[in-house]
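Okay, structure first, notes after.
The values are calculated or read from the model by the stated rules, or taken from the named source; none is laboratory data. Every value quoted in this text rests on a predicted model; they were computed, and no experiment measured them. Using ideal geometry, Cβ is built from the backbone for each residue, glycine included, and neighbour counts are taken over all protein chains shown. Accessible surface areas use protein heavy atoms only, side chains included; no ligands, DNA or RNA. Shrake-Rupley method; radii C 1.70, N 1.55, O 1.52, S 1.80 Å.
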There are 2 protein chains.
Amino acid sequence: MPTSSAQHQHRLPQHLLRAREAVMAYFRPLLNSVGLTEQQWRILRLLDDRGEMEAGVIADLACILSPSLTGILVRMEKAGLIHRSRDKVDSRRLIVSLSKEGRQLTREVAPLSNACYRQIEAHFGEEKLELLISLLNELEQLPAPVALSEDKALLTEADR
Amino acid sequence: MPTSSAQHQHRLPQHLLRAREAVMAYFRPLLNSVGLTEQQWRILRLLDDRGEMEAGVIADLACILSPSLTGILVRMEKAGLIHRSRDKVDSRRLIVSLSKEGRQLTREVAPLSNACYRQIEAHFGEEKLELLISLLNELEQLPAPVALSEDKALLTEADR
DNA sequence: TCAATGTGATTAATATCTTAACATTCTGAG
DNA sequence: CTCAGAATGTTAAGATATTAATCACATTGA
């Protein structure tokens, strides 16, 4: 019989995943109804908020790895939501900007998205939500982990 | 210029995503080193903790949609980690159980996984982590959202 | 008993994730 | 100037996510 006390703590990634599922359930119907994926919506908001930007920056801010981003941006351009162009100075860099249609769609959907958020806020409580977000913010700042092979002496007796 | 105060709050899904990324960075190297995916590891732990169970239960607990689960379980069986069989009484149900090799691997990896968790705990603080997890737990309990079409009057002036 | 309905899993099609390998383009030391 | 190494995207290949449709079996009710 496993040591259930130790097991309990082990669910941080799971909890983050499940919490995100619960939240996304509020947004998904809206995004589906306008034919956007989660990732596309994240990118649209970024571009509307901050203006045109490089692909690499989008990848960082939207938490999308570049191999995924490549395809996503191609499809978004094909759908008429964005424009893609190369930086004149450094042609490695890909500049992404919102198209007129993309901007219009974003501004149509944003208030509906906000309304979804308000529902969550109403259920969960405004203060608690702020507390949660600030904790998440801190968690995001975790230092990069030490390489596994470099330190195998991390095992505690309690872990065994 | 967008109303940045409203925008800020809108990042709950983003924060959950980024926080999860930060955390998974600690576990990924370990899982890669033993050739397991995140999903496979979640399933192994479930089975080791609770014993054999139906596919549907796994889907719920591990946050994996059944179409994905079908393939994952096939691959895990092919890898010799689990056994799949049909319920004698109700042959619609798929019973999944840990194989000897699967159990052994799970118990080899678990302490290493625990060690990763301790690192996170050490950086973030034990109390804060517990607080965070309890908040996440609550968030997971959010009621299912009201259907979009049924109530379009959710829009607040502030959202526009 | 049988048709209607419901449930659990799978298939299909498309999108995204993940790791590794490449291709280009820049940059800087020599 | 130039060539090795770094930075930025892209391809490739396999695994998972997502939605819709379907299959097989169960259950219910007339």
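What average count of beta carbons from other chains do you get within 10 Å of the Cβ of residues in B:104-116?
Averaged over the peptide's residues, the number is 4.
Counting Lys and Arg as +1 and Asp and Glu as -1, each charge on the Cβ, what is the dipole of the protein assembly as shown about the Cα centre in debye, to the nearest 20?
Computed charge dipole of the protein assembly as shown: roughly 1220 debye.
Could you calculate the FRET efficiency of residue A:95 with residue A:74 from 1/(1 + (r/R0)^6), where r is the beta carbon distance between them and R0 is 25 Å, rounded to 0.05?
Approximately 0.95, to the nearest 0.05.
About the Cα centre, and with charges only on the beta carbon of Lys, Arg (+1) and Asp, Glu (-1), how big is the dipole of chain A? Nearest 20 debye, please.
In total the dipole reaches around 700 debye.
Restricting to DSSP H runs of at least four residues, report the calculated mean residue ellipticity at 222 nm for the protein assembly as shown, -39500 (n - 2.57) per run over all residues, nearest 500 deg cm²/dmol.
Theoretical 222 nm ellipticity from helices: -20500 deg cm²/dmol.
Quick one: what Rg and Dmax do you get for the protein assembly as shown from the alpha carbons, in Å?
Looking at the protein assembly as shown, its Cα Rg and Dmax stand at 21.7, 69 Å.
Which value, in square angstrom to the nearest 100, describes the accessible area buried between chains B and A on both sides, using a 1.4 angstrom probe?
Separately minus together, B and A give about 6800 Å² buried.
Determine the per residue accessible area of the protein assembly as shown with all protein chains present and a 1.4 angstrom probe, expressed in square angstrom.
On a per-residue basis, the protein assembly as shown sits at 54 Å².
Taking each residue in B:119-130, count the Cβ atoms of any other chain within 10 Å of its Cβ, then average. What number comes out?
Partner Cβ neighbours, averaged per residue: 3.
Report the equivalent ellipsoid semi-axes for region B:1-118 in whole Å, largest first, defined as the square roots of five times the eigenvalues of the gyration tensor built from alpha carbon atoms.
They are 33, 20, 11 Å, listed from largest to smallest.
When the accessible area of the protein assembly as shown is computed with all protein chains present and a 1.4 Å probe, what percentage of it is carbon and sulfur?
About 52 percent, which is the carbon plus sulfur part of the accessible surface.
When Cβ neighbours within 10 Å are restricted to other protein chains, what is their mean count per residue of peptide A:56-68?
1
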